[in-house]
C-alpha cells in the first residue's frame, strides 16, 4: 500500500529489512526486487490515475506512455536479471 502514495517509504522499509539500516531481519537484494517493483508499480498506477483526473485526456495521453515505458523497463530488467542468475 505504501507505493500508492510514494515508493520511498516502501523502499526504506525494504532497505531496513535488507540490513542496510541495521535491523536484524535480513533479506537479500534478490528478495527485495519484487516488493520494490510492486511499490513502484502501484505508484505508477496512482500517477496515471491522478494525471488523467487532474490533467485531462490530452495530458494523460502524453504522460501515460512514458510512465508505462519506465515501469516496463524496470520489470524487464528485473526479469532479465533473474534469468541470468
| note | Expressed in nanometres to one decimal, the distance between label points 7 Å along Cα→Cβ at residue 27 and residue 76 is 2.6 nm
| note | Under the rule rounded for a/c under 1.5, else prolate if a/b exceeds b/c, else oblate, using alpha carbon gyration tensor axes a ≥ b ≥ c, the stretch 40-79 is classed as oblate
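Every number here is computed from the coordinates shown, using simple stated rules; none is lab data. Predicted, not measured: the structure shown is a model, and the values here were computed from it. All Cβ positions, even for glycine, are placed from backbone atoms using ideal geometry, and neighbour counts span all protein chains on display.
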